[in-house]
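The values are calculated or read from the model by the stated rules, or taken from the named source; none is laboratory data. Keep in mind the model is a prediction, meaning the values are calculated, not measured. Positions of Cβ are backbone-derived with ideal geometry, glycine not excepted, and every protein chain shown enters the neighbour counts. Accessible surface is based on the protein model in full, side chains and every heavy atom, while ligands, DNA and RNA are left aside. Shrake-Rupley method; radii C 1.70, N 1.55, O 1.52, S 1.80 Å.
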Amino acid sequence: MLRQLLRQVLGRRPAPAEPGAGELERLILGAGEALRLERYAEAVEHYRRAIEFAPGNAEMHCNLATALKATGAPGEALAHYRVAVEFKPELTEAWYNLGLLYAEACELEAAEACYREALARNPGFREAQSSLLCLASYHERHEPQRVLAEHREWGARHGTSPQPPPPHANERSPERRLRIGYVSADFREHAMACFVEPILAGHDAASFEAVLYSNASREDGTTRRLRGYAAQWRSIHALSDAAAAECIRQDRVDLLVDLSGHTEGNRLGTFALKPAPVQLSFLGYPNTTGLPAMDYRLTDARADPPGQSEHHYCERLLRMADSLWCYRPPADLPEVSELPARERGYVTFGSFNNVMKLSDSAITVWAGLLHAVAGARLLVAASGGEVARRRLQSRFDAAGVERARVEYVGRLPPSEFRRLYAQVDVALDPFPCNGGTTTCETLWMGVPVVTLAGASFSSRAGLSILSAVGLDELVASTRGSYVEIAAALAADMERLSRLRQGMRNRLAASPLMDEPRYVRSLEGLYRDAWRRWCAAE
């Protein structure tokens, strides 16, 4: 196995010559500096040359894989991570990154195995356990109670402090102006900005002020725009959890809001230290945090029906009046196009979601839809590279779908990606993990979305969004009705055209984009939570 992998990653090169004096050290130092400065192409070049001199160095294979992944070569990166763990099985970083790549390639079982291998070798590897928890939201075979138990395990291992937090010095005045702290690694050009900006822009300045705690390593134009809404801005990327918690405590934040959950760049370790009297989580993660110190989770009655959902969470649920989401479309989205089916003579279904959401069950249903609608095509736009494309293609092959009927588009610049909406007539929401931002953007581009409502939050996001815009008829309760709804849309050009041309007005008039109504509802929940803390002993 190792020799085969080495031939794969090194090619059929002659045996390497011995490096000159200091040559290998120079290459390693140069590669490390290039990687640190995010000059990934340069890092790749240095590591390739260094590995010719020292092909058995596991750390260099691991670092080369990291640089290759950043340059958009996931297949080659996968091979080098595999070589790294073959040479040095105790290299948990390589196991972890190998798992991330398998997940991006839609190989969820392989990703889970890698995360568990990393944890077996380093039980305290917090990021690996968080990634394992994230994976549970996509994996259709994970039972809700097992998922909750694993989140609780994370909280017990990483979310408790040996010493109780000191008492909070915040003034217990229920109606005073409150300081709301928002913690995220995504105050930048990111899907989260579409939902966070309405909140920050709409706060009642007489009653609330926002403090933003950014865990991002770099800033962009979106960062600067969001920063303008804040009374204070703090970068906590270089701070330890304890230092970040002390900063928040010194700022006298009253309510601290987690926008990341267990996603990349989260600061749940800071929340575990309870730096604010009231702590809550929402938007960025479709599950419980598992943290004893997280008081609340924000949701809505469609995504988490009262009396049916509370047992899935460690936190107390607070429900928004309408939808959990309030969407502000990016300003650079193109105009809605004409219905492509009129010109082409056939219907194109589309999926623009994270490739990890494309479950075997969803693809089986989509294949059945293609069999049911003569001449229809499917456009799948997903990252993950050639590895993911082959994996998806094999699934459709197994379902008997002709290859010419499914088109795959890989990673594209945002402007090119968004032009793909002009090629799609009907969008298909994956399950059991639905789209969120993608569903909102797809609707804004005039494309109706068909969804299947399940029993968990992650499988009811589509229901919540479509109900908020008055498109309940596009929500299926069974896999069979999912196919029926999508096929009926495909058969009715007039209805598709009306939906497409009227979609933006529909969204603009709906609770999904009623920013003042949304922020007042959110502030009401903040105030109620604060009053409860003030009233407590």
Residues whose modelled amide H sits under 5 Å from the amide H of ALA185, counting only those 5 or more places away in sequence or on another chain, are ASN215
Residue by residue through the stretch 44-59, which ³J(HN,Hα) values in whole Hz follow from phi under the Karplus form 6.51 cos²θ - 1.76 cosθ + 1.60 (θ = phi - 60°), with glycine and proline marked x?
4, 4, 5, 5, 4, 5, 5, 5, 4, 7, 9, x, x, 7, 5, 4
Given a 1.4 angstrom probe, what's the average accessible area per residue across the stretch 209-254, in square angstrom?
49 Å²
Rounded if a/c under 1.5, otherwise prolate or oblate - the stretch 302-413, Cα gyration tensor axes:
prolate
Calculated from backbone phi, Karplus (6.51, -1.76, 1.60) coupling profile of the stretch 153-161 in Hz, x at Gly/Pro:
4, 4, x, 5, 7, 10, x, 10, 9
Going residue by residue through the stretch 405-411, the Karplus relation 6.51 cos²θ - 1.76 cosθ + 1.60 with θ = phi - 60° gives ³J(HN,Hα) values, rounded to whole Hz and with x marking Gly or Pro, of 8, 10, 10, 10, 10, x, 4
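Sorted by average packing, counted as other Cβ atoms within 10 angstrom per residue and highest first, what order do 447-456, 413-422, 312-321, 508-517 take? Intermediate values should be presented prior to the final figure.
Numbers: 447-456: 22.7, 413-422: 13.8, 312-321: 18.8, 508-517: 17.0.
For the peptides 447-456, 413-422, 312-321, 508-517, the packing ranking is 447-456, 312-321, 508-517, 413-422.
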Heavy-atom accessible area per residue, the stretch 92-192, 1.4 Å probe: how many Å²?
45 Å²
Taking H as built 1.01 Å from N, whose amide H comes closer than 5 Å to the amide H of PHE431, not counting residues under 5 places away?
SER359, ALA362
Towards the positive end of the charge dipole of the stretch 246-332, with charges on Cβ (+1 Lys, Arg; -1 Asp, Glu), say which of LEU256, PRO275, PRO329 has the farthest Cα.
PRO275
So which aspartates and glutamates can LYS88 reach, going by Cα to Cα under 17 Å and dropping same-chain residues fewer than 8 places off?
GLU59, GLU117
Paramagnetic label zone (point 7 Å from Cα along Cα-to-C-beta, GLN145; backbone N under 19 Å) in the stretch 277-295:
288, 290
Excluding residues on the same chain fewer than 8 positions from LYS357, give the lysines whose Cα lies under 22 Å from its Cα.
LYS69
Which peptide among 338-346, 458-466, 113-121, 236-244 comes first, and what is the full order, when sorted by highest mean count of other Cβ atoms within 10 Å?
458-466, 113-121, 236-244, 338-346
Simple spin-label estimate for ARG498/GLU473, 7 Å along Cα→Cβ, in nm, reads 0.7 nm
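Ranked from highest to lowest mean number of other Cβ atoms within 10 Å per residue, what is the order of the peptides 56-63, 366-373? Write down the numbers at each step before the final one.
Working: 56-63: 21.6, 366-373: 19.4.
Put in order of decreasing packing, that is 56-63, 366-373.
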Rough spin-label spacing in nm, given labels placed 7 Å along Cα→Cβ, for ARG224 and GLU338
4.0 nm
Quick query: amide H of VAL409 versus all other amide H atoms, modeled in the peptide plane; which residues come in under 5 Å with a sequence gap of 5 or more or a different chain?
VAL380, ALA381, ALA382
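Let me make sure I get this right: for the stretch 421-511, a, b and c are the square roots of the gyration tensor eigenvalues over alpha carbons, sorted descending. Under 1.5 in a/c it's rounded, otherwise prolate if a/b > b/c, else oblate. Which is it? It would help to have the intermediate numbers written out before the result.
Details: a/c = 1.74, a/b = 1.22, b/c = 1.43.
Cα axes put the stretch 421-511 in the oblate bin.
Would you compute, from DSSP H runs of 4+ residues alone, the mean residue ellipticity of the chain at 222 nm, taking -39500 (n - 2.57) per run and dividing by the full residue count, rounded to the nearest 500? Don't skip to the end; give the middle numbers.
Working: 22 runs with 253 residues, N = 537.
It lands at -14500 deg cm²/dmol.
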Between ALA113 and ARG405, what is the label-point separation in nm under the 7 Å Cα-to-beta-carbon projection?
3.2 nm
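If I compute solvent accessible area with a 1.4 Å probe over the protein chains, what percent of it on the chain is carbon and sulfur? Show your work: numbers first, answer last.
Details: 11060 of 22430 Å².
Carbon and sulfur atoms account for 49 percent of the accessible area of the chain.
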When the chain is fully extended, how far beyond the present Cα-Cα distance does GLU484 get from ALA508, taking 0.36 nm per residue of separation?
5.8 nm
If you work out log10 I(q)/I(0) by the Debye sum over Cα atoms at q = 0.08, 0.09, 0.10 Å⁻¹ from the coordinates, which of (i) -0.71, -0.90, -1.09; (ii) -0.57, -0.72, -0.88; (iii) -0.86, -0.98, -1.09 do you get?
(ii)
Tell me, what is the FRET efficiency for HIS311 and GLN163 to the nearest 0.05, using R0 = 35 angstrom and their Cβ-Cβ distance as r?
0.70
